[in-house]
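Before I ask anything, here is the structure I am working with.
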Amino acid sequence: VDVELLELVAGGRVAILTGAGISTGSGIPDYRGPSSLARRSSGPITYQEFVAGAQARQRYWARSHIGWQALRHALPNDGHFAVADLQAGGLVAGVITQNVDGLHQAGGARDVIELHGSISKVICLSCGEVTERSELAERLGAVNPSWQRETFDLKPDGDADIEDVSGFHVVDCLACGGLLKPDVVFFGETVPAPRVARSFALVEEAKSLLVLGSSLKVMSGYRFVLHAKKLGIPIGIVNQGPTRGDAHADVLVDAELSSTLRSTALALG
Ligand SMILES: [Zn+2]
């Protein structure tokens, strides 16, 4: 158990910000992490690419459809359970996650701000209707009966690593025929302003900010570290490997996340 980390959390009213690193223990790889840095040649799809081209959408949905069949069965790990335990113990002001996998809630956390949205929801880009991903999965499965889950590499946003997507059929909004998009924030897209405002407010009322499993490469998460720094709110970072926020951290723990969180939660429980 890291004593400084323990003291930070024991102080209570901790705003927690989590990233892909907390879900790697659930079989969802961190594609910005050191283990998978080399294996990916093409980056994630951008919002602009998605809306501009039918081919890009076919590619996205084919990979996402296969990926979803694995992702929907992912289970929370000790890291998610520890966060929920700390929250149940009254030590947490709130949880902001950059993950779209829903595993914090599955692990028992409440009132989680999903900064980048949820992979279990789908939004229509024309009428704005939000529907369940499980419904879409059934529709996609019905028109693509040969596209079964096999063994694919998974990315944190729920895509599978598939190259040949010709022949995959995309479906549109049942209500209006518009384009469907997962209700997640793509690269090239901004986080909705009310969600950002809620997150800033959470940091402002917190006694400390604790970053778990994020390299903080993306500004949408890193800005909360900068905000806490500006306000003089102590910052803790637990991550395997260096992060962009290390220079700002009052407590820095480079260690495996789930076991570190589990022992911290147990020591405080
Ligand atoms: Zn629609």
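Have a look at GLY33, GLY107, GLY79 and point out the one that is modelled with pLDDT of 95 or more and either in contact with a Leu (Cβ under 8 Å, 6 or more places away or on another chain) or within 23 Å of PHE224 (Cα to Cα) (or both). Lay out the reasoning, then the answer.
On the way: GLY33 fails: modelled with pLDDT of 95 or more; GLY107 fails: either in contact with a Leu (Cβ under 8 Å, 6 or more places away or on another chain) or within 23 Å of PHE224 (Cα to Cα) (or both).
Just a single option satisfies the conditions, and that option is GLY79.
Does GLU189 qualify as being among the charged types (D, E, K, R), touching a helix residue (DSSP H, G or I) at 6+ places or on another chain (Cβ under 8 Å) and away from the ligand (no atom under 16 Å from the Cβ)?
Details: among the charged types (D, E, K, R): yes; touching a helix residue (DSSP H, G or I) at 6+ places or on another chain (Cβ under 8 Å): yes; away from the ligand (no atom under 16 Å from the Cβ): yes.
For GLU189, the condition - among the charged types (D, E, K, R), touching a helix residue (DSSP H, G or I) at 6+ places or on another chain (Cβ under 8 Å) and away from the ligand (no atom under 16 Å from the Cβ) - is met.
Among the residues of the range 114-121, are any modelled with pLDDT of 95 or more and within 16 Å of the ligand (Cβ to nearest atom)?
Yes, the range 114-121 contains a residue that is modelled with pLDDT of 95 or more and within 16 Å of the ligand (Cβ to nearest atom).
Here's a follow-up. Those residues that are more than 21 Å from LEU86 (Cβ to Cβ), assigned to a helix (DSSP H, G or I) and of a type outside the set (Lys, Arg), I need them from the range 212-231; list them, please.
MET219, SER220, TYR222, LEU226, HIS227, LEU231
Out of the range 162-184, which residues are away from the ligand (no atom under 13 Å from the Cβ) and closer than 14 Å to ARG57 by Cβ?
Scanning the range 162-184 gives VAL165, SER166, PHE168, HIS169, VAL170, PRO182.
Quick grid of which residues meet (1) surrounded by fewer than 21 Cβ atoms within 10 Å (Cβ to Cβ); (2) free of Cβ contacts under 8 Å to residues at least 24 places away in the same chain; (3) closer than 11 Å to ALA15 by Cβ:
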residue: VAL203; (1), (2), (3): no, no, yes
residue: LEU210; (1), (2), (3): no, no, yes
residue: GLY213; (1), (2), (3): no, no, no
residue: MET219; (1), (2), (3): yes, yes, no
residue: LYS230; (1), (2), (3): yes, yes, no
residue: ILE233; (1), (2), (3): yes, no, yes
residue: GLY236; (1), (2), (3): no, no, yes
residue: GLN240; (1), (2), (3): yes, no, no
residue: THR243; (1), (2), (3): no, no, no
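Residue check, GLY236 against (1) part of a helix (DSSP H, G or I); (2) in contact with a strand residue (DSSP E or B) (Cβ under 6 Å, 6 or more places away or on another chain), all met but one. Which one?
(1) is the only condition that GLY236 fails.
Among residues belonging to the range 245-261 that are more than 17 Å from VAL9 (Cα to Cα) and in a loop (DSSP other than H, G, I, E, B), point out the one that is modelled with the lowest pLDDT. Walk me through how you get there before you give the answer.
As a first pass, look at the range 245-261 and keep what is more than 17 Å from VAL9 (Cα to Cα): 245-248, 256.
Filter once more, so that each one left must be in a loop (DSSP other than H, G, I, E, B): 245, 256.
Details: GLY245: 97, GLU256: 94.
Across the range 245-261, the extreme among qualifying residues is GLU256.
Yes or no, residue by residue, for (1) modelled with pLDDT under 85; (2) assigned to a helix (DSSP H, G or I):
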site: GLU7; (1), (2): no, yes
site: ALA38; (1), (2): yes, no
site: VAL51; (1), (2): no, yes
site: GLN55; (1), (2): no, yes
site: GLN58; (1), (2): no, yes
site: TRP68; (1), (2): no, yes
site: LEU75; (1), (2): no, no
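What residue, of ALA255, ALA265, ALA206, ALA249, is hydrophobic (A, V, I, L, M, F, W, C) and touching an Asp or Glu at 6+ places or on another chain (Cβ under 7 Å)?
Numbers: ALA255 fails: touching an Asp or Glu at 6+ places or on another chain (Cβ under 7 Å); ALA206 fails: touching an Asp or Glu at 6+ places or on another chain (Cβ under 7 Å); ALA249 fails: touching an Asp or Glu at 6+ places or on another chain (Cβ under 7 Å).
Sole residue among the options that is hydrophobic (A, V, I, L, M, F, W, C) and touching an Asp or Glu at 6+ places or on another chain (Cβ under 7 Å): ALA265.
Ok, one more. GLY27 is checked against (1) at pLDDT below 70; (2) at positive phi and fails just one. What number does that condition carry?
(1)
The values are calculated or read from the model by the stated rules, or taken from the named source; none is laboratory data. Just so it is clear, the model here is predicted, and its values are computed rather than measured. Reconstructed Cβ throughout: ideal geometry from the backbone, glycine too, with neighbour counts over all protein chains shown.
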